[in-house]
Amino acid sequence: MKTILTIQDLHQHFERGTANENHVLKGINLEMKEKEFITIIGGNGAGKSTLLNSIAGALPIEEGKIILDHQDITKQKVSQRAQHISRVFQDPKMGTAVRLTVEENLALAMKRGKKRSLSSGVKEKDRAFFREQLAMLDLGLEDRLQAEIGLLSGGQRQAITLLMATLIKPKLLLLDEHTAALDPKTSVVVMELTKKLIDNLELTAFMVTHNMEDAIRYGNRLIMLHQGTIAVDISGKEKENLTVPDLLALFQKNSGESIKDDALLLS
Ligand SMILES: Nc1ncnc2c1ncn2[C@@H]1O[C@H](COP(=O)(O)OP(=O)(O)OP(=O)(O)O)[C@@H](O)[C@H]1O
């Protein structure tokens with residue numbers, strides 16, 4: 001299987017050189033193959049967001065290298081990386097233009113990597129395509145093409161954001177706790193939709209979550225970060241058969257630290 005992402009000896013510090021220096025990522029090495037769906041879990045401050053920000057380009061890389069599909073992107077800006085990397089954030093407001101309609105947002109998503117303007121409006125043939133794509137979400141959104149995005153619910157918006165992130169197939173999809181702001185029922189709907197899109201489009205994806213059950217249930221590889229290092233990295237059959245107690249035991253074995261339950265680990 002082809003390697004899509006390679007992270008080599010990635011270090012990140014905050015407030016470097018001051019008394020408050022925080023060495024957040026301590027030499028992360030990771031190779032990600034095509035169609036891998038990695039779930040990332042770890043306690044507060046473990047470095048999950050810093051890792052995603054480093055991959056997306058939102059944080060400059062201090063030390064180390066990031067290679068995407070054989071191209072060194074270490075020094076590329078967010079906008080350059082966004083041609084190949086899509087990201088969905090926790091806040092449903094982040095991924096869409098609230099004042100634009102559903103179809104206008106989708107038209108913008110079709111222009112990934114090109115100059116983003118809506119000068120030519122939404123074309124009829126695109127409209128038919130959007131309707132078809134929205135119907136696949138199974139949320140009745142195909143009848144709301146002309147609705148302002150800002151008027152939709154958080155779950156509906158997150159579903160559309162996911163669709164926008166994948167309308168042009170990205171080399172890598174980053175999901176940054178994208179269901180954390182939703183109520184539990186909607187969160188399940190959006191997670192199932194995420195799985196469907198990833199499976200159907202055969203995407204390579206990274207998903208940060210605080211939900212240990214979701215990290216186990218979804219994806220084909222699981223990484224647990226702890227104090228800026230990878231404490232657990234499992235895939236294949238081992239991941240398929242994993243339970244929460246197994247995961248806690250693995251963490252304990254690898255990190256040498258004792259934890260009593262997931263609440264303690266993830267609080
Ligand atoms: N911009 C910043 N400036 C200073 N310190 C930061 C900054 N961003 C993150 N940190 C610190 O870096 C550490 C790692 O943060 P990060 O957000 O990557 O963790 P996380 O695993 O995503 O945690 P959480 O689950 O709480 O979101 C934390 O100690 C945090 O306070």
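FYI, it's all coordinate maths here, none of it is from the lab. Computed from a predicted structure; not experimentally measured. All Cβ positions, glycine included, derive from the backbone under ideal geometry; neighbour counts span all protein chains shown.
Calculated FRET efficiency, residue 125 and residue 253, Cβ-Cβ r, R0 45 Å, to nearest 0.05?
So, using R0 = 45 Å, E works out to roughly 0.20.
For the pair residue 44 and residue 169, how long in nm is the line joining their label points, each one 7 Å along Cα→Cβ?
Result for the modelled spin labels: 4.1 nm.
Between residue 29 and residue 111, what's the calculated FRET efficiency when r is the beta-carbon distance and R0 is 35 Å? Round to 0.05.
0.50
Leaving out same-chain residues fewer than 8 places away, which lysines sit with a Cα under 18 Å from that of residue 26?
Straight-line reach from residue 26, under 18 Å: 48, 65.
Let me know the Kirkwood hydrodynamic radius for segment 54-118, please, with Cα pairs as the basis and the value in Å to one decimal.
Across segment 54-118, the inverse of the average 1/r is 13.4 Å.
If you take the beta carbon distance between residue 2 and residue 241 as r and set R0 to 30 Å, what does 1/(1 + (r/R0)^6) give as a FRET efficiency, to the nearest 0.05?
That pair, residue 2 with residue 241, gives E of 0.65.
Can you give the net charge of the other residues whose Cβ lies under 12 Å from the Cβ of residue 48, counting K and R as +1 and D and E as -1?
Surrounding charge for residue 48 is -2.
Tell me the trypsin sites (Lys or Arg not before Pro) within segment 1-109 that lie in a loop according to DSSP and have at most 16 other beta-carbon atoms within 10 Å.
Counting only loop positions with at most 16 other Cβ atoms within 10 Å, the trypsin sites (Lys or Arg not before Pro) in segment 1-109 are 2, 16, 35, 75, 77, 93, 99.
Just to confirm the filter: which GluC sites (Glu not before Pro) across segment 37-142 are DSSP coil and have at most 15 other Cβ within 10 angstrom of their Cβ?
The qualifying sites are 62.
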